[in-house]
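Please treat every number below as a calculation from the coordinates, not as lab data. All figures in this text were calculated on a predicted structure; none of them were measured in a lab. Don't worry about glycine lacking a Cβ; one is built from the backbone with ideal geometry, like all the others, and counts go over all protein chains shown.
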Amino acid sequence: MNITSFLIYCIIITFTPGPTNIAILSTVHNLGAKKAMEYTYGATFAFGLLLIISALLNNLLMTIIPKILIVLQIIGSVYMFYLAYQIYKMDTSNTTVNQSGTFKSGFLMQFLNPKVVLFTMTVIPSFIMPHYIAMPAVTISVIAITLIGFLAFITWVLFGTIFKELLQKHKKAVNVMMALFLAYAAIEIWM
């Protein structure tokens, strides 16, 4: 296995802006790092679960995924538009009522994110299974990929925390931009 290609692929997919990373940044901006971490734990759990499903059902999923991809795209897009709307209409004067930064919302965003589903269903058969089929090797790979994803999420939490003061000065504009980026990500699924 070309470990360099594998790591570059995982890092690019997990660290680049996507629906979950944008939602994490928005959560830090509006609700703080503690809520963003709760969201991050949910997203990480979903990410790991998808990788486990991929590893366990690899052959079956490769025949099923093309058939259910459209359903995942629809559900994922609708959920991302819903979150974009929630971020857009967020009351910038009272963020204590908003509950979007929960473990459950992080889990759902990650589990319904077609980009993540496709990544988790392709990384195992593309990089791991051609070289390692023993369960310990696959398990270590799943853990490593999950940790890379968690580090990406933490990076976005730190970014939001470091720039929170700047983001707070332009709270409504930042919310609108985050909502637009999330809506763009929902549209990008179809391209």
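Okay, here's what the table says:
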read-out	value
Count of lysine pairs in the chain with Cα separation under 16 Å (8 or more residues apart, or interchain)	8
Candidates Ile128, Ile87, Ile12, ranked by Gaussian network fluctuation over the chain, Cα under 10 Å, top entry	Ile12
Thr155 versus Leu57: modelled label distance in nm, points set 7 Å from Cα along the beta carbon direction	3.0 nm
Rounded if a/c under 1.5, otherwise prolate or oblate - segment 127-191, Cα gyration tensor axes	oblate
Segment Ile12-Ile187, extension gain: residue separation times 0.36 nm, minus the distance between their alpha carbons	61.0 nm
3J(HN,Hα) from dihedral phi, segment 12-27, Karplus parametrisation 6.51/-1.76/1.60, rounded to Hz, x for glycine, proline	4, 5, 7, 8, 6, x, x, x, 5, 5, 5, 5, 5, 4, 5, 5
